[in-house]
Protein chains: 2
Amino acid sequence: MDYLPALIAELGGLEIAEDPATLRLKSRDFFWFSPLLKRQLEDCRGDVVVRPRNIEEVMKIAAVVAKTRSKITVRGGGTGNYGQAVPLEGGVILDMGALDRVISLSPGVGTFEAGATMLEIDKALAPKGWELRFYPSTRKQATIGGFVAGGAAGAGSCTWGQLSDPGAVLAVDIVTIEEEPRAMTLEGSDVRKVLHAYGINGIIVSVTVPLAPAHPWAERIVAFPTLSEAAAFGQAFTEADGIAKKLVSVFDPRIPPKLGRVGKLVPEGKAAAIVMVSEPQAGAMAEIARLHNGDVVFERGAKEAESAAFEGHGTYGPLYEYTWNHTTLHALKRDPAITYLQVKFPPEHNLEIVNRVASEFGDEVQLHLEFQRRFGRVTCSALPLVAYSTDERLYEVIERIETLGAQVSNPHTYVLDNAGWKRVDAPQPEFKRIADPHALMNPGKLVS
Amino acid sequence: MDYLPALIAELGGLEIAEDPATLRLKSRDFFWFSPLLKRQLEDCRGDVVVRPRNIEEVMKIAAVVAKTRSKITVRGGGTGNYGQAVPLEGGVILDMGALDRVISLSPGVGTFEAGATMLEIDKALAPKGWELRFYPSTRKQATIGGFVAGGAAGAGSCTWGQLSDPGAVLAVDIVTIEEEPRAMTLEGSDVRKVLHAYGINGIIVSVTVPLAPAHPWAERIVAFPTLSEAAAFGQAFTEADGIAKKLVSVFDPRIPPKLGRVGKLVPEGKAAAIVMVSEPQAGAMAEIARLHNGDVVFERGAKEAESAAFEGHGTYGPLYEYTWNHTTLHALKRDPAITYLQVKFPPEHNLEIVNRVASEFGDEVQLHLEFQRRFGRVTCSALPLVAYSTDERLYEVIERIETLGAQVSNPHTYVLDNAGWKRVDAPQPEFKRIADPHALMNPGKLVS
């Protein structure tokens, strides 16, 4: 840490923290969902946290880091699950949270500073009738820059697909880590150079995304006799092109009891679906649910749902905070021996394979499905709860699920190249040589 | 026509026309796209046209019709192609055009009187940021009631599917043809009792549909070396869940020269696509087009496109007026020997079958494709231009196309049960006995 005094001297006037509590807090994300990552990343610490307030400060930090050959790890809300925000070799932690402005808005498109949270962006958009197309269940904490750097999907994916789809991110502005840092704009398919690169291909300072015109999203919980019926509903409802929807999450009957007060809304022993649907079409959704023996057991109107999300009002938090990887979070709070997997089911056969996986493992694997559009088709992915015993057994489960016809994206590695959601056709290594020529951005995240 | 004097006497105070010019005009629709229907329907005439101004007048007419056992044919804009608005056995023509109010609007849903045109509805919605989810290429003339009674799809189907999809129509109000007419509201899946029933299951007086939040729809024309490449683009672009789109129409290279000034924008010998895409994502669309060797040859921004549609401003009419069955209309204007078919291609194999059909018939069949979502998948239908020689040859072409793996919906019949777009599982005959117990609504439209 010889570089530190010089670096801190150079950064005079910037917001800096070196106290152990802040260093610990800002060196973490939600990697601890994985017992393997927990072991590996628990003790990683940055040496100093710097929180720039504008792009000039970002450029100044980038220059100092390059000159002093410091390591640097960029972080947003720290809501990732793969140690994206964990400095593997110490160094500077760049907390982007103070760059949180809406830079520009016009019909169908918005540009936001990287540190703006998805929730604050949506609050700013709401009066204008627009919204982000998707957000993770961590909408409240997750930043748009972090989502682009490490996210994939979320609420909205049942309509809009995923973040890596063509046109899903229109432009990204970055700053290079060089003695004389450059600001660059990546547009069109060039955004793939930084998409899901865990923030090691330049400092993302702003993001331009297409917006969705906002529907009045009502929330519903539907109870079903079996997971199989709930899954068939999820498929049919997501395939109903004529019903506007934002969220279609399906749960094994053993999962709702792990979801606290919201879970209690589901009668014991029932499978469940949590959906967000355009309020005038909630009745059309319920008709499809009935065809699959589903009963609506909880209804909340769009105004109340928005108020729960935006102001924290109401008896229950926003229902999306019980879906995607928040399901895992709620279960982990009650049972620390639980972990999870990420499973993709091939379109056309997804329900069949869901049923196969569901009947294979007993209590060890409990399915939680998220329905989405993928390249023009409807399928589901799963974030199943898995009872963790040993690493070996976890890998056995992964292998067995793949034998049954699904594809597992391993969420138990912090190495970018190993993670399953990663696109393989993006020209990222080439761009890293341009954006981070001294390889100072969180070394260790790449195999090569 | 013994009933006429009594009927007219009873309808004192209503707007009535009996002159031959009005009777001819109001006894027609666009059935003449079919040489077969032209022969059969050309001389059909109603005896009197009545144009109610409100629901009370509709109820009064229904009562008088029932008492006098007159025949009655309900019409909107008369833009259908199957003689929906043609009185097969004379009688009263009920012109719904004066019932054109927006009854109510709230986020995501609107209720409209049946005679409101789709264009006027969209003009009323635009300042509020909403729009109809789909409209036929005859948006300017077509009424929402007529669309529900006889339409199926249109601009918007690439995103929202079709009118018969669950949730696509939320409610329909009808008036029965009885001595004491009843007003009834059909909701949820009950709307199928009147959907695509050609207006013979009660008088549709208002319609409640879910709305789409409005995107800024830019227009583009893209030229491709071949139909096959244009079709592959159409598929890929429609499958791109992350790009908001309203229209994806694809044309054989021989079709643009039949489309007047808009057609001239396409270089000679090139296949073409007309698309409406959310303006900030037009670049993402163009990147997909490039992958299929497509060049954007015409661009019009969303504001200008809206102004062309809403106010008739600009050098070119709205591009959707060159798609769907407007393509046929433009071609027919230049060559009266042309007719058309309606072809559906099964998902997964649609491009393969498109190529088969395209290479089978030479100049006799020229493909025009419309890409849509159907039950969660992307496929295309075609409204091919067909050089008409004889009825026998037309039926041979239909048979051959079906042998090649596509499905033809015969647009050369005015009988409801025979038309291909018709859903067969709807409880329409049962409902007809309730809504039209004396079978006075355009007899001859049903086989039974």
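The values are calculated or read from the model by the stated rules, or taken from the named source; none is laboratory data. Only a predicted model underlies this, so the values are computations on that prediction, with no experimental measurement involved. Ideal geometry is used to build each Cβ from the backbone, glycine not excepted, and the neighbour counts take in all protein chains shown.
Out of all the residues in segment A:87-101, which are of a type outside the set (A, V, I, L, M), crowded, with 20+ Cβ neighbours inside 10 Å and within 9 Å of A:Thr73 (Cα to Cα)?
A:Pro87, A:Gly91, A:Asp95
For segment B:307-322, give me each residue that is more than 20 Å from the chain's Cα centre (by Cα) and either in a helix (DSSP H, G or I) or within 22 Å of B:Pro267 (Cα to Cα) (or both). Step through it out loud before you land on a result.
Taking segment B:307-322 first, the residues more than 20 Å from the chain's Cα centre (by Cα) are B:307-308, B:311-316.
Within segment B:307-322, B:Ser307, B:Ala308, B:Glu311, B:Gly314, B:Thr315, B:Tyr316 qualify.
Would you please name the residue that is farthest from B:Glu370 (Cα to Cα), looking only at residues in segment B:304-327 that are surrounded by 24 or more Cβ atoms within 10 Å (Cβ to Cβ) and touching a helix residue (DSSP H, G or I) at 6+ places or on another chain (Cβ under 6 Å)?
Once the filter is applied, the top-ranked residue is B:Pro318.
Is there a residue being in contact with an Asp or Glu (Cβ under 6 Å, 6 or more places away or on another chain) and closer than 16 Å to A:Lys140 by Cβ anywhere in segment A:292-306?
Checked against the condition, which is being in contact with an Asp or Glu (Cβ under 6 Å, 6 or more places away or on another chain) and closer than 16 Å to A:Lys140 by Cβ, segment A:292-306 yields at least one hit.
Which of the residues that make up segment A:356-406 are assigned to a helix (DSSP H, G or I), closer than 25 Å to A:Gly161 by Cα and free of Cβ contacts under 8 Å to residues at least 40 places away in the same chain?
A:Glu402
Within the bounds of segment A:323-333, is there any residue that is under 21 Å from the mean Cα position of the chain (by Cα) and assigned to a loop (DSSP other than H, G, I, E, B)? Show your work before the answer.
Taking segment A:323-333 and keeping what is under 21 Å from the mean Cα position of the chain (by Cα), we get A:323-333.
Narrowing the set further to residues that are assigned to a loop (DSSP other than H, G, I, E, B) leaves A:323-324.
Looking through segment A:323-333, at least one residue is under 21 Å from the mean Cα position of the chain (by Cα) and assigned to a loop (DSSP other than H, G, I, E, B).
Among the residues of segment A:354-375 satisfying the criterion of being among the β-branched types (Val, Ile, Thr) and farther than 30 Å from B:Phe237 by Cα, which is farthest from the other protein chains (Cβ to nearest Cβ)? Don't jump to the end; show me each part of the working.
As a first pass, look at segment A:354-375 and keep what is among the β-branched types (Val, Ile, Thr): A:354, A:357, A:365.
Cutting the leftovers down to farther than 30 Å from B:Phe237 by Cα gives us A:357, A:365.
Values: A:Val357: 22, A:Val365: 27 Å.
The residue in question is A:Val365.
Of the residues A:Ala214, A:Ala240, A:Ala171, A:Ala223, which single one is more than 14 Å from chain B (Cβ to nearest Cβ) and of a type in the set (Gly, Ala, Ser)? Lay out the reasoning, then the answer.
Working: A:Ala214 fails: more than 14 Å from chain B (Cβ to nearest Cβ); A:Ala240 fails: more than 14 Å from chain B (Cβ to nearest Cβ); A:Ala171 fails: more than 14 Å from chain B (Cβ to nearest Cβ).
The conditions single out A:Ala223.
If we scan segment A:179-198, do we find a residue that is within 14 Å of another protein chain (Cβ to nearest Cβ) and basic (Lys, Arg)? Outline the logic, then answer.
The first filter runs over segment A:179-198 and keeps only residues within 14 Å of another protein chain (Cβ to nearest Cβ), leaving A:185-192, A:195.
So of that shortlist, the ones also basic (Lys, Arg) come out as A:192.
Yes, segment A:179-198 has at least one match.
Check B:Val275, B:Val248, B:Val297, B:Val262 and return the single one that is among the β-branched types (Val, Ile, Thr) and part of a helix (DSSP H, G or I).
Numbers: B:Val275 fails: part of a helix (DSSP H, G or I); B:Val248 fails: part of a helix (DSSP H, G or I); B:Val297 fails: part of a helix (DSSP H, G or I).
Every option except B:Val262 fails the conditions.
Looking at A:Pro336, A:Pro347 in this structure, which one is outside any helix (DSSP H, G or I), under 24 Å from the mean Cα position of the chain (by Cα), without any contact (Cβ under 8 Å) to a residue 40 or more places away in the chain and more than 30 Å from B:Arg192 (Cα to Cα)?
Numbers: A:Pro347 fails: more than 30 Å from B:Arg192 (Cα to Cα).
Within the list A:Pro336, A:Pro347, the selection yields A:Pro336.
Out of everything in segment B:145-160 that is away from chain A (no Cβ under 12 Å) and either surrounded by fewer than 24 Cβ atoms within 10 Å (Cβ to Cβ) or aliphatic (A, V, I, L, M) (or both), what residue ends up being farthest from B:Leu247 (Cα to Cα)?
Taking segment B:145-160 and keeping what is away from chain A (no Cβ under 12 Å), we get B:145-152, B:154-155.
Now drop any that are not either surrounded by fewer than 24 Cβ atoms within 10 Å (Cβ to Cβ) or aliphatic (A, V, I, L, M) (or both), which leaves B:148-149, B:152, B:155.
Working: B:Val148: 20, B:Ala149: 22, B:Ala152: 15, B:Ala155: 5 Å.
If we take residues in segment B:145-160 being away from chain A (no Cβ under 12 Å) and either surrounded by fewer than 24 Cβ atoms within 10 Å (Cβ to Cβ) or aliphatic (A, V, I, L, M) (or both), then B:Ala149 is farthest from B:Leu247 (Cα to Cα).
With the structure loaded, tell me whether A:Val262 is buried (at least 24 other Cβ atoms within 10 Å of the Cβ) and aliphatic (A, V, I, L, M) or whether it fails that test.
For A:Val262, the condition - buried (at least 24 other Cβ atoms within 10 Å of the Cβ) and aliphatic (A, V, I, L, M) - is not met.
Which of (1) surrounded by 21 or more Cβ atoms within 10 Å (Cβ to Cβ); (2) more than 22 Å from B:Val86 (Cβ to Cβ); (3) more than 14 Å from every other protein chain (Cβ to nearest Cβ); (4) not small (Gly, Ala, Ser) does B:Ile204 not meet, given it meets every other one?
The number of the failed condition is (2).
What's the total number of residues in segment B:169-179 that are under 22 Å from A:Glu239 (Cβ atoms) and crowded, with 24+ Cβ neighbours inside 10 Å? Reasoning before the result, please.
If we filter segment B:169-179 for residues that are under 22 Å from A:Glu239 (Cβ atoms), which is where we start, we get B:169-170.
Filter once more, keeping what is crowded, with 24+ Cβ neighbours inside 10 Å: B:169.
Total satisfying the criteria: 1.
Could you grab me the full set of residues in segment B:234-259 that are within 17 Å of B:Arg356 (Cα to Cα) and of a type in the set (A, V, I, L, M, F, W, C)?
B:Val250, B:Phe251 - these are the residues of segment B:234-259 that are within 17 Å of B:Arg356 (Cα to Cα) and of a type in the set (A, V, I, L, M, F, W, C).
Considering only segment B:274-304, state which residues are farther than 19 Å from B:Thr238 by Cβ and either at pLDDT below 95 or within 13 Å of chain A (Cβ to nearest Cβ) (or both).
Initial filter on segment B:274-304 (farther than 19 Å from B:Thr238 by Cβ): B:295, B:297-304.
Once the filter is applied, which keeps residues that are farther than 19 Å from B:Thr238 by Cβ and either at pLDDT below 95 or within 13 Å of chain A (Cβ to nearest Cβ) (or both), segment B:274-304 yields B:Gly301, B:Ala302, B:Lys303.
Can you report the number of residues in segment B:57-80 which are under 28 Å from the mean Cα position of the chain (by Cα) and of a type in the set (D, E, K, R)?
The qualifying residues number 3.
Quick one: in segment A:116-134, which of the residues that are part of a helix (DSSP H, G or I) and surrounded by 23 or more Cβ atoms within 10 Å (Cβ to Cβ) is farthest from the chain's Cα centre (by Cα)?
So the first thing to find is which residues in segment A:116-134 are part of a helix (DSSP H, G or I), and the list is A:118-128.
Going one step further and asking which of them are surrounded by 23 or more Cβ atoms within 10 Å (Cβ to Cβ), we end up with A:118, A:121.
Values: A:Met118: 11, A:Ile121: 16 Å.
Out of the qualifying residues, it is A:Ile121.
B:Ala271: farther than 24 Å from B:Lys123 by Cα and at pLDDT 95 or above, yes or no?
On the way: farther than 24 Å from B:Lys123 by Cα: yes; at pLDDT 95 or above: yes.
Criteria met by B:Ala271.
Residue check: is B:Pro256 surrounded by fewer than 22 Cβ atoms within 10 Å (Cβ to Cβ), away from chain A (no Cβ under 13 Å) and either modelled with pLDDT of 95 or more or over 30 Å from B:Val102 (Cβ atoms) (or both)? Give the derivation first.
Values: surrounded by fewer than 22 Cβ atoms within 10 Å (Cβ to Cβ): no; away from chain A (no Cβ under 13 Å): yes; either modelled with pLDDT of 95 or more or over 30 Å from B:Val102 (Cβ atoms) (or both): yes.
For B:Pro256, the condition - surrounded by fewer than 22 Cβ atoms within 10 Å (Cβ to Cβ), away from chain A (no Cβ under 13 Å) and either modelled with pLDDT of 95 or more or over 30 Å from B:Val102 (Cβ atoms) (or both) - is not met.
Considering only residues that are touching a Gly at 6+ places or on another chain (Cβ under 7 Å) and surrounded by fewer than 22 Cβ atoms within 10 Å (Cβ to Cβ), which ones fall in segment B:185-201?
Listed by number, the list holds a single entry, B:Gly188.
Any residue that is among the polar types (S, T, N, Q), more than 13 Å from chain B (Cβ to nearest Cβ) and on the phi > 0 side of the Ramachandran plot - is there at least one of those in segment A:307-318?
Taking every residue of segment A:307-318 in turn, none turns out to be among the polar types (S, T, N, Q), more than 13 Å from chain B (Cβ to nearest Cβ) and on the phi > 0 side of the Ramachandran plot.
Going by what's in this entry, would A:Met118 be described as of a type outside the set (S, T, N, Q) and under 21 Å from A:Tyr322 (Cβ atoms)? Before the answer, list the steps.
Details: of a type outside the set (S, T, N, Q): yes; under 21 Å from A:Tyr322 (Cβ atoms): yes.
Yes.
Just checking, how many residues over segment B:63-110 are more than 16 Å from B:Val205 (Cβ to Cβ), of a type in the set (Gly, Ala, Ser), in contact with a Ser or Thr (Cβ under 7 Å, 6 or more places away or on another chain) and within 14 Å of chain A (Cβ to nearest Cβ)?
Residues meeting the conditions: 1.
On the basis of being under 23 Å from the mean Cα position of the chain (by Cα) and within 14 Å of another protein chain (Cβ to nearest Cβ), does A:Gln342 make the cut?
Numbers: under 23 Å from the mean Cα position of the chain (by Cα): yes; within 14 Å of another protein chain (Cβ to nearest Cβ): no.
Against the criterion (under 23 Å from the mean Cα position of the chain (by Cα) and within 14 Å of another protein chain (Cβ to nearest Cβ)), A:Gln342 does not qualify.
Do we find a residue being within 24 Å of the chain's Cα centre (by Cα) and free of Cβ contacts under 8 Å to residues at least 24 places away in the same chain anywhere in segment A:234-252?
Step one: of segment A:234-252, the residues within 24 Å of the chain's Cα centre (by Cα) are A:234-235, A:237-239, A:244-252.
Now narrow it down to the ones that are free of Cβ contacts under 8 Å to residues at least 24 places away in the same chain: none.
No, segment A:234-252 contains no residue that is within 24 Å of the chain's Cα centre (by Cα) and free of Cβ contacts under 8 Å to residues at least 24 places away in the same chain.
Take segment A:77-115 and flag every residue that is closer than 30 Å to B:His215 by Cβ and part of a loop (DSSP other than H, G, I, E, B).
Once the filter is applied, which keeps residues that are closer than 30 Å to B:His215 by Cβ and part of a loop (DSSP other than H, G, I, E, B), segment A:77-115 yields A:Gly77, A:Thr79, A:Leu99, A:Asp100, A:Arg101, A:Pro107, A:Gly108, A:Ala114, A:Gly115.
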